[in-house]
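The structure under discussion appears below in the form of structure tokens.
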Amino acid sequence: VSVSVATRARNVALIDLLDRLLQGGVVIEGDITLAAADVDLVRLDLRLMVAAIDKALGA
Amino acid sequence: VSLLLYAITDDLPRLEPLRGVGATEVQCVTAAGLVVLASEHDAIPSLSEETMWEFERVIESVMDIGAVLPMRFGTLLATAHEVQRMLESRRGELLAKLARVRGGVELSVRGVWSQAPEPVAAESAQSGTDYLQARLGAQRQARELAERVHAQLDGFARASRDRILTRATVPLSAAFLIDRGTEEEFVRAVTALDAGLGDTELVCTGPWPPYSFVGDSVDA
């Protein structure tokens, strides 16, 4: 068993930040100018980033 | 040019000049006793490790001063006037949310398995039935972990949120809203809990702005 209590340890915290930025926060319905193309771009970035995090964490 | 929104607060923050995503200048838009921090962009900034931390830093600098409602990343409004209209039309709801998170910070508790329960990890399942059974087993283990985590940690928190099995090796992504100043106590409880969890590792990060406690579905 190992404990990882990370406060602002960036590579450890990155996935927690990613989850929060994309699924948390206040949402303004109907007013977000998120074009379909942008959404796809975000998803692509997301896949690349998650892969990089997996590598960094050795998961 | 549109405005990228970072956070809503009800204190006019006395801030040092702030730089946001892409080193843009952060400005305050005020209406109805509320303040929005925003910066000018032609389009939604693409998501990268750098832009994520630039966004987060702006919110953290407000969080150190007063209650803050972080925005979902990628929220753009066309003009300051639209921002003001939004503040006016949602004033009651936003004030209620600010009251809920005031004096609090968010801690993340993530459960991590060193590997996914077989054969979920790969598409190596012998059959659809094997796959389904492994998947159900993983869900059951993840829910059991969530129950243990909440049994030990809910007493330290005002509120909590869960997401189960967001990825094959992440059985639990939990968020706890705790009183500012009780972080060390909370982390000690996480550490004690982790010691009894065998192969499951708990990773605790924070303090975060209360991203997980400002959504529309939040109950008081």
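The values are calculated or read from the model by the stated rules, or taken from the named source; none is laboratory data. The shown structure was predicted, so the numbers you read here are calculated from the model rather than taken from an experiment. Note that we place each Cβ from the backbone using ideal geometry, even for glycine, and neighbour counts take in every protein chain shown.
Can you spot a residue in segment B:19-31 that is part of a loop (DSSP other than H, G, I, E, B), modelled with pLDDT under 95 and more than 10 Å from chain A (Cβ to nearest Cβ)? No, the conditions are met nowhere in segment B:19-31.
Which ones in segment B:44-77 are facing another protein chain (nearest Cβ under 7 Å), aliphatic (A, V, I, L, M) and in a loop (DSSP other than H, G, I, E, B)? Result: B:Ile44, B:Leu47.
Being under 23 Å from A:Leu14 (Cα atoms), more than 15 Å from the chain's Cα centre (by Cα) and within 12 Å of chain A (Cβ to nearest Cβ) is a property that does not hold for B:Ser173.
Against the test of being touching a Pro at 6+ places or on another chain (Cβ under 8 Å) and not aromatic (Phe, Trp, Tyr), the options B:Val83, B:Val101 yield a single qualifying residue, B:Val101. B:Arg188 fulfils the conditions (1) free of Cβ contacts under 8 Å to residues at least 12 places away in the same chain; (2) in a strand (DSSP E or B) except for a single criterion, (2). Screening B:Ser160 on (1) at pLDDT 95 or above; (2) in a loop (DSSP other than H, G, I, E, B) shows it passes everything except condition (2). Taken as a whole, the structure places B:Val36 among residues that are in contact with a helix residue (DSSP H, G or I) (Cβ under 9 Å, 6 or more places away or on another chain) and either surrounded by fewer than 22 Cβ atoms within 10 Å (Cβ to Cβ) or not in a helix (DSSP H, G or I) (or both). Could you please let me know if B:Ser212 is in a helix (DSSP H, G or I), within 25 Å of B:Met71 (Cα to Cα) and at the interface with chain A (Cβ under 9 Å from one of its Cβ atoms)? Against the criterion (in a helix (DSSP H, G or I), within 25 Å of B:Met71 (Cα to Cα) and at the interface with chain A (Cβ under 9 Å from one of its Cβ atoms)), B:Ser212 qualifies.
Does segment B:54-62 contain at least one residue that is surrounded by 22 or more Cβ atoms within 10 Å (Cβ to Cβ) and either more than 17 Å from the chain's Cα centre (by Cα) or of a type in the set (Ser, Thr, Tyr) (or both)? There is no residue in segment B:54-62 that is surrounded by 22 or more Cβ atoms within 10 Å (Cβ to Cβ) and either more than 17 Å from the chain's Cα centre (by Cα) or of a type in the set (Ser, Thr, Tyr) (or both). For segment B:191-209, taking the residues that are in a loop (DSSP other than H, G, I, E, B) and in contact (Cβ under 8 Å) with a residue 24 or more places away in the chain, the one that is nearest to B:Arg161 (Cα to Cα) is identified as B:Pro209.
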